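Colleague: My structure is below; once you've seen it, I'll send some questions.
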Amino acid sequence: MGLRFLRRPQWPHWAMAALLLYGGCFLLATAVAAWRAYTPVPIWDMWHFVSFLHQLATGAGWPAWWEQMNEHRLVLTRALFWIESHVFGGRLVFLIAVNYLLALTSLLTLHAYLRARAVALTPLQAVLSWVVMGAWLLSWVQHENLEWAFQSQFFLAQLVPLIGFYSLYRSTQAGRPHTWFAAACALGVVSIGTMINGIMALPMMVLYAVLLRMGWRRVGLLLVLTAACLALYLLDYQSPRGHGSLLATLQQRPLGMVQYMLQYLGSPFQLLLRQEESMWVGQAFGTVFIALAARQAIAALRSPRTHALELSLLIFIAYVAGIAFATAGGRLGFGLVTAISSRYTTPTMMAWTALAILHWPAISALRDRARVVSVVLLVVLLALLMKTQTRATRSTDVPHLRMTAALALLLDVHDARRTGMLVWDESYAARLARIAAEHGIGVFSHAPLAGAQQVLGQREPVPPPACRATIDSVQTIPQDPRFLLVTGALLPHGHAVQASIFDPIALHLLQPDGTAIGMGLSDRWRKRHVAGEGSPRLRHLTFTAYLQSAPASLPATLVLTAPGTPCSVTLTLPAPQ
């Protein structure tokens, strides 16, 4: 008996240990990636954050909460904006944290579905499900929705209906069915305040209730809520300019619609495999998705009442497929490549998870060679997910470039290379940046950007010349001959300077009389030689600054100072490049 015990295979324990180790490393990589990507500056649609808060500050009232943003009415996201600004100071940390909390809530909800589908999970299966589903739903494939503070609605538009569909399923089971049905109705109504996608939640609930013959009272109530919410949403609705018409696109380009929809549904695997240029990859996986979902739907529809759980998941999959179809109608004109946008992958990844849960009995029943093949495929998937996550942990200059772009907006510097990282229309962002600065909104109310628009032309006291600095480059700005871009490094040797890439300080460029003619922001600390190769390497604070001077009138010397530090340094500028 002793020898037999020693020979008993212990691979489940090793597998669990390996999975837990993988999960820990994945979470660590995710945390580092989030830290690397963080920026307090509004990006793209996040400028709506400034516009909305300005409307509230100027007395717009409740219409500002319901106002269209493109085709969406972002009531829930605007509530998060308000909390971010009034409770957490507008640095966007809270909003980004919410993105991760919503992703984790998606994991919890889908795992609740899995527990109901599997009935019982072995310890290894439980660990495997948490790790695989967690890595999938937190994958950096959807990086825009994880790193951009504005993107909570891309999670909410799927998560709120998903919880609603789960609640509706639970209302068909024993144990407080009326409470679960009331929750489903409430979540269906709330869904219209996520994105325009949310208006499909209640109609899908009606379909589910009809399939399961839930009774005329429940079906009737869902129909009334559906009609009321659709009427409310479409009241004063204006179709956004530049977006395609669903019906027109379907009539003119039906094949393109099919391709776009398949591309959308298969995009996570196309991005994981880094085959962005090979559209057939996404379309192939999209075809697999449709085939696997159809197979489950055919089986469930034969006996709906005995497949309430499966139909609930299928309703969610159909909901996501509907999003893909509607997106194809509005975005096909921008090209198939838009179907693999990172922000579009969140609903698709949730739908693939739901599809895997539907097939759980078949997956867990695999034996012999089929099980070996499935394990190999799983290992490959986990390796691809980890590779994608660790790739995002690399050091990047993007946060600094975005901060200097925000500075350019405040100083009225037309630096398209940098401001193009923030917004599609520089004049639009510059106007909102000035509004944010005036009303104390977001990052523009905090150092180092606070008050930046008043710096140039002001006279300041010049601290003693007790620091050192070097200039790396002086560059012209093609779009704005009034300014030069200066990069360099400050050596505050013997003087404490509290700065980091995520908490930069302002630097001012002064004429000898103390008149400010330039302003910059610190970047990161780097070790450099003080004078030459034989000199010691000391930590320098690198910086980027805008200098108000045409090349022909470049001053011979400047004074560089970091406000709040007890030193300055006189610089001689090289000729601009």
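Colleague: One-quarter of the Cα convex hull surface for the chain, in nm²? Mind dumping the intermediate values first?
Modeller: Working: hull surface 139.6 nm².
Mean orientational projected area (the chain, Cα hull): 34.9 nm².
Colleague: All other residues with a Cβ under 9 Å from the Cβ of residue 527 taken together, and with Lys, Arg as +1 and Asp, Glu as -1, what is their net charge?
Modeller: After counting each charged neighbour, the total is +4.
Colleague: Kindly point out, ordered by number, any Cys in the chain whose beta-carbon has no other cysteine beta-carbon under 4.7 Å away.
Modeller: So far as the 4.7 Å Cβ criterion goes, 25, 185, 229 stand without a partner in the chain.
Colleague: Quick one: length gained pulling residue 207 to residue 306 fully straight, 0.36 nm per residue minus the C-alpha distance?
Modeller: Additional length available on full extension: 34.0 nm.
Colleague: Can you figure out the FRET efficiency of residue 228 with residue 38, using R₀ = 30 Å and their beta-carbon distance, to the nearest 0.05?
Modeller: After rounding to 0.05, the efficiency reads 0.15.
Colleague: Using only Cα atoms, what Kirkwood radius does the stretch 224-315 have, in angstroms?
Modeller: Taking every pair of different Cα atoms in the stretch 224-315, averaging 1/r and inverting gives 16.4 Å.
Colleague: Separate question: Let me see the pair-distance distribution of the stretch 292-350: every alpha carbon pair, 5 Å bin width, integer percents in order.
Modeller: Spelled out per bin, shortest first, that is 4, 17, 23, 18, 14, 11, 8, 5, 1.
Colleague: Just to be sure I understand the model, the point goes 7 Å from the Cα along the line to the Cβ. What's the resulting residue 498 to residue 299 distance in nm?
Modeller: The answer from the label model is 6.1 nm.
Colleague: Could you state the per residue volume, in Å³, of the convex hull enclosing the Cα atoms of the stretch 264-375?
Modeller: 110 Å³
Colleague: Expressed as an acute angle from 0 to 90° and rounded to the nearest 10, what is the orientation of the C-alpha long axis of helix 254-272 relative to the principal long axis of the chain?
Modeller: Helix 254-272 sits roughly 70 degrees off the main axis of the chain.
Colleague: Also: Over all alpha-carbon pairs in the stretch 393-445, figure out the percentage whose distance exceeds 16 Å.
Modeller: When all Cα pairs of the stretch 393-445 are counted, 38 percent exceed 16 Å.
Colleague: Per the Kirkwood treatment, what hydrodynamic radius in Å, one decimal, follows for the stretch 171-280 from the mean inverse distance over all distinct Cα pairs?
Modeller: For the stretch 171-280, inverting the mean 1/r across all distinct Cα pairs yields 17.0 Å.
Colleague: Let me ask something additional. Obtain the nm distance between the two label points defined at residue 475 and residue 292 by a simple spin-label model: each point lies 7 Å from its Cα along the Cα-to-C-beta direction.
Modeller: 4.5 nm
Colleague: Report the residues of the stretch 373-392 in range of a label on residue 20: point 7 Å along Cα→C-beta, backbone N strictly under 14 Å from it.
Modeller: none
Colleague: Per residue, what volume in Å³ does the Cα convex hull of the stretch 118-186 take up?
Modeller: Taking only Cα atoms, the stretch 118-186 has a hull volume of 110 Å³ per residue.
Colleague: Which three semi-axes in whole Å describe the equivalent ellipsoid of the stretch 411-510, each the square root of 5 times a Cα gyration tensor eigenvalue, listed largest first?
Modeller: Ellipsoid half-lengths, sorted descending, are 26, 18, 14 Å.
Colleague: Taking Cα atoms of the stretch 28-115, Rg/Rh with Kirkwood Rh, to two decimals?
Modeller: 1.04
Colleague: In square nanometres, what is one fourth of the surface area of the convex hull spanned by the alpha carbons of the stretch 446-494?
Modeller: The number I arrive at for the stretch 446-494 is 5.2 nm².
Colleague: Helix 47-57 sits at what angle to the longest principal axis of the chain, using alpha carbons and giving 0 to 90 degrees rounded to 10?
Modeller: 80 degrees
Colleague: How do 425-438, 380-393 rank on mean C-beta neighbours within 10 Å, highest first?
Modeller: Ranking the peptides 425-438, 380-393 by packing returns 425-438, 380-393.
Read the figures in this text as sums done on the coordinates, not as results from a lab. Given the structure is predicted, the values throughout are model-derived calculations rather than measurements. For neighbour counting, all protein chains shown are included, and Cβ atoms are generated from backbone atoms with ideal geometry for every residue, glycine included.
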